[in-house]
Amino acid sequence: MQIIVANRKQMYRAVTETSDPIDVQGIPRLSLDLTVNSISGTTPQVDAQLQTSDDLETWANVGGVVDRTSTGLELGAILITSTEYGRYVRVQYTLSGTDPLANVTICVNTFAA
């Protein structure tokens with residue numbers, strides 16, 4: 001199943017945002033997709049990072065960081081198993097650079113086996 005956490009989201013100026021938590025209890029594997037539909041500015045970059053929590057209060061990074069400096073898709077860039085994450089995950093994503101502007105789509109994919 002694909003869970004869209006940001007759908008063609010416009011990001012203006014350097015900013016960090018966080019998606020709503022997703023309950024992934026009982027899901028054995030996850031992956032993270034980052035699509036940059038458009039990007040401009042001076043040295044712009046979009047980073048996406050999965051975070052995990054068991055209590056919705058304390059969050060820790062899990063897996064690697066997915067980043068893009070140009071348009072395109074990082075499909076399944078991070079693949080993690082249930083031994084690496086807790087009951088909940090969310091995505092923290094950042095736009096950096098000078099006067100950056102980007103349009104992004106970010107998805108968490110769940111796998112039954």
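The values are calculated or read from the model by the stated rules, or taken from the named source; none is laboratory data. All of these numbers come straight from a predicted model, not from anything done at the bench. Heads up, the Cβs are rebuilt from the backbone with ideal geometry, glycines too, and the neighbour counts pull from every protein chain shown.
Worth pointing out:
- Just one residue in the set 28, 21 is over 22 Å from residue 96 (Cα atoms) and either out of contact with any helix residue (DSSP H, G or I) (no Cβ under 9 Å at 6 or more places or on another chain) or of a type in the set (Ser, Thr, Tyr) (or both); that residue is 21.
- All of (1) aromatic (Phe, Trp, Tyr); (2) surrounded by fewer than 16 Cβ atoms within 10 Å (Cβ to Cβ); (3) at pLDDT 95 or above hold for residue 93 with one exception: (2).
- Residue 20 vs. criteria under 12 Å from the mean Cα position of the chain (by Cα), within 20 Å of residue 61 (Cα to Cα), loosely packed, with under 13 Cβ neighbours inside 10 Å and in contact (Cβ under 8 Å) with a residue 40 or more places away in the chain: yes
- Region 15-35 - residue that is among the aliphatic types (A, V, I, L, M) and modelled with pLDDT of 95 or more and, of those, farthest from residue 5 (Cα to Cα): 15
- Checklist (1) among the β-branched types (Val, Ile, Thr); (2) closer than 17 Å to residue 108 by Cα; (3) buried (at least 17 other Cβ atoms within 10 Å of the Cβ) applied to residue 81, failing item: (3)
- Test set (1) outside any strand (DSSP E or B); (2) touching a strand residue (DSSP E or B) at 6+ places or on another chain (Cβ under 9 Å); (3) without any contact (Cβ under 8 Å) to a residue 40 or more places away in the chain; (4) not basic (Lys, Arg) - residue 52 fails condition number: (1)
- Taking the criterion of being closer than 22 Å to residue 112 by Cα and crowded, with 18+ Cβ neighbours inside 10 Å, the residues of region 28-48 that qualify are 30, 31, 32, 33, 34.
- Some residue of region 94-104 being hydrophobic (A, V, I, L, M, F, W, C) and in contact with an Asp or Glu (Cβ under 9 Å, 6 or more places away or on another chain): yes
- Residue match in region 52-75 (condition: under 17 Å from residue 94 (Cβ atoms), modelled with pLDDT of 95 or more and more than 15 Å from the chain's Cα centre (by Cα)): no
- Test for residue 83: is it out of contact with any strand residue (DSSP E or B) (no Cβ under 8 Å at 6 or more places or on another chain) and at pLDDT below 95: yes
- Residue count, region 55-97 (criterion: more than 22 Å from residue 9 (Cα to Cα), outside any strand (DSSP E or B) and of a type outside the set (Lys, Arg)): 10
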